[in-house]
Amino acid sequence: MQKSDILFLDIETVPITYNYTNLPKDAKLLWDKKNAYSKEQTAEELYAKAGIFAEFAKVIVIGVGYYNADVFRIRTFSGDDELEILKQFSDFLTKYFSNTNQVLCAHNGKEFDFPFLCRRFIINSIPLPNSLNIQGKKPWEIKHIDTMEMWKFGDYKNYTSLNLLAYALNIPSPKDDIDGSEVSKVYYEQKNLNRIETYCKKDVLTLARIYNRFIGEKTIEDNEVIYA
């Protein structure tokens, strides 16, 4: 596999409404039922984590990075209209990353990014791009790379964030401004989508640098990066 065959990606998501109290009645009842067995926090308190559940959240930024000639290009698909974001991303995948030898790479992608995207595609009635459609495929036929899975080395108990892994490998941290827990606040209160895009782009670059460390490839220098 050539490095130009890998699409590195990261997504940023937010709850469909900023506050629990603003949830539509039916959604609130379903959220309450989903969290009915929690003894330590109320359903309203748990709503701070709603952004990770595809049934109660939406995609606001998709960041991608890929090799093109001697440079590493990073771009984003972003906005308030999730439907348009997903359509643009699907068109991009179909045009540039639909060959059977091409793969998608994300950190904790198999547990979060890939299934979250698939669910939101279905919710928005958009056909799944070939590179995300894993229905009926055998494990070895799925062209997805997960750097967290690579770092586990078979250890099923371990969870390591992108930020912690970057620290352990002495790779510049992508969390020098905001982190995932602040995305919803920046989006809804500050209405600063550009700041979230920048954060997502840093994650994509860090992801690619971590992958390169795993395979013994030289790191990506700042002067080798082009932001679209």
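The values are calculated or read from the model by the stated rules, or taken from the named source; none is laboratory data. Note that the structure is predicted; figures quoted are calculated from it, not measured. Every residue, glycine among them, receives a Cβ derived from its backbone with ideal geometry; neighbour counts consider all protein chains shown.
Does the range 107-114 contain at least one residue that is out of contact with any strand residue (DSSP E or B) (no Cβ under 9 Å at 6 or more places or on another chain), under 28 Å from N19 (Cβ atoms) and assigned to a loop (DSSP other than H, G, I, E, B)? No, because not a single residue in the range 107-114 is out of contact with any strand residue (DSSP E or B) (no Cβ under 9 Å at 6 or more places or on another chain), under 28 Å from N19 (Cβ atoms) and assigned to a loop (DSSP other than H, G, I, E, B). Taking first residues from the range 56-85 that are in contact (Cβ under 8 Å) with a residue 60 or more places away in the chain and partners that are part of a loop (DSSP other than H, G, I, E, B), the Cβ contacts under 7 Å between residues at least 6 apart in sequence or on separate chains come to K58/I16; F72/I220; R73/A228; I74/A228; R75/A228.
May I ask you to verify whether T147 is of a type in the set (V, I, T), within 18 Å of V64 (Cα to Cα) and at pLDDT below 95? Spelling it out, it is not the case that T147 is of a type in the set (V, I, T), within 18 Å of V64 (Cα to Cα) and at pLDDT below 95. The combined condition, being assigned to a loop (DSSP other than H, G, I, E, B) and loosely packed, with under 15 Cβ neighbours inside 10 Å, is not fulfilled by S131.
Counting the residues of the range 55-92 that are of a type in the set (A, V, I, L, M, F, W, C) and either over 15 Å from the mean Cα position of the chain (by Cα) or within 13 Å of K201 (Cβ to Cβ) (or both) gives 11.
Residue count for the range 155-171 under the criterion of being in a loop (DSSP other than H, G, I, E, B) and modelled with pLDDT of 85 or more: the result is 7.
A count restricted to the range 67-106 and to residues that are under 23 Å from T13 (Cβ atoms), of a type outside the set (K, R) and part of a strand (DSSP E or B) stands at 8.
Scanning the range 175-228 for residues that are among the small types (G, A, S) and either exposed (fewer than 12 other Cβ atoms within 10 Å of the Cβ) or over 23 Å from I145 (Cβ atoms) (or both) yields S181, S184, G216, A228. Candidates in the range 106-120 are the residues that are in contact with a helix residue (DSSP H, G or I) (Cβ under 6 Å, 6 or more places away or on another chain) and not small (G, A, S); of these, the one that is nearest to Y156 (Cα to Cα) is N108. Only residues that are more than 28 Å from A48 (Cβ to Cβ), assigned to a helix (DSSP H, G or I) and acidic (D, E) were counted across the range 179-228, and they come to 2. The residue of the range 21-61 that is farthest from Y188 (Cα to Cα), among those that are outside any helix (DSSP H, G or I) and of a type in the set (K, R), is K39. Within the set K34, K95, the sole residue that is charged (D, E, K, R) and either over 24 Å from I134 (Cβ atoms) or crowded, with 20+ Cβ neighbours inside 10 Å (or both) turns out to be K34. Based on this model, can you work out whether E44 counts as loosely packed, with under 15 Cβ neighbours inside 10 Å and not basic (K, R)? Against the criterion (loosely packed, with under 15 Cβ neighbours inside 10 Å and not basic (K, R)), E44 does not qualify.
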